[in-house]
Amino acid sequence: MIAPLASNGAAVLGVDPAARPMVRDGCVRGRAGMAKRVLIVEDDPLIAFDLQAIVEDAGHEVVSVCASRRDGLAELGRGIDFALLDVDLTDGKSFPVAQALRAQCIPFVFVSGSLRSELPAELGAVPFIAKPYAEAAIVRALPA
């Protein structure tokens with residue numbers, strides 16, 4: 001259950017503060033401490049498998065693993081809470097997926113062997129984990 005918020009974003013009296021959704025950057029986030037539904041968009045099957053294992057070991061659910069931006073875009077209606085995106089996919093760059101995630105206020109991180117400088121200016125502030133990555137870097141990037 002999502003806790004009601006006052007117009008200033010504060011929890012309404014009598015509502016457990018832990019049940020309050022997080023508000024950041026004008027976007028309402030899920031409650032802290034709950035398992036998140038994660039989308040992985042990665043075209044290398046071995047890396048995708050590794051990312052899935054890391055996410056699941058951290059207590060989250062992987063909703064889907066996609067190798068293309070087309071498939072990634074198709075998954076956005078499935079209640080995604082967070083996404084891990086490779087930049088280069090089988091059918092081009094993942095930027096349309098990133099822009100759609102941003103438009104839906106879904107947080108995401110790039111996990112890529114590409115250079116950060118290849119990101120469009122509007123995505124330059126998105127967290128970026130370079131490959132090869134350390135498992136701990138992925139775990140730190142996952143939502144609390």
Every residue from segment 94-144 that is in a loop (DSSP other than H, G, I, E, B), small (Gly, Ala, Ser) and over 19 Å from Asp43 (Cβ atoms): Gly124, Ala125, Ala134, Ala144
Complete set of residues in segment 31-64 that are among the hydrophobic types (A, V, I, L, M, F, W, C) and in a strand (DSSP E or B): Val38, Leu39, Ile40, Val41, Val62, Val63
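Residues checked against (1) more than 20 Å from Ala136 (Cα to Cα); (2) of a type in the set (Phe, Trp, Tyr); (3) crowded, with 21+ Cβ neighbours inside 10 Å:
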{"residue": "Leu39", "(1), (2), (3)": "no, no, yes"}
{"residue": "Asp43", "(1), (2), (3)": "yes, no, no"}
{"residue": "Phe49", "(1), (2), (3)": "no, yes, no"}
{"residue": "Ala53", "(1), (2), (3)": "no, no, no"}
{"residue": "Glu56", "(1), (2), (3)": "no, no, no"}
{"residue": "Val63", "(1), (2), (3)": "yes, no, no"}
{"residue": "Ser68", "(1), (2), (3)": "yes, no, no"}
{"residue": "Arg78", "(1), (2), (3)": "yes, no, no"}
{"residue": "Asp91", "(1), (2), (3)": "yes, no, no"}
Neighbours by Cβ (under 7 Å, 6+ apart or cross-chain): first from segment 133-144, in contact (Cβ under 8 Å) with a residue 60 or more places away in the chain; second assigned to a helix (DSSP H, G or I): Glu135/Ile54; Ile138/Leu51; Ile138/Ile54; Val139/Ile54; Leu142/Val55
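No value in this document is a laboratory result; all are computed from the given coordinates. Worth saying up front: this structure is predicted, and the values here are computed from it rather than measured. Here the Cβ is made from the backbone with ideal geometry for all residues, glycine too, and neighbour counts use every protein chain on show.
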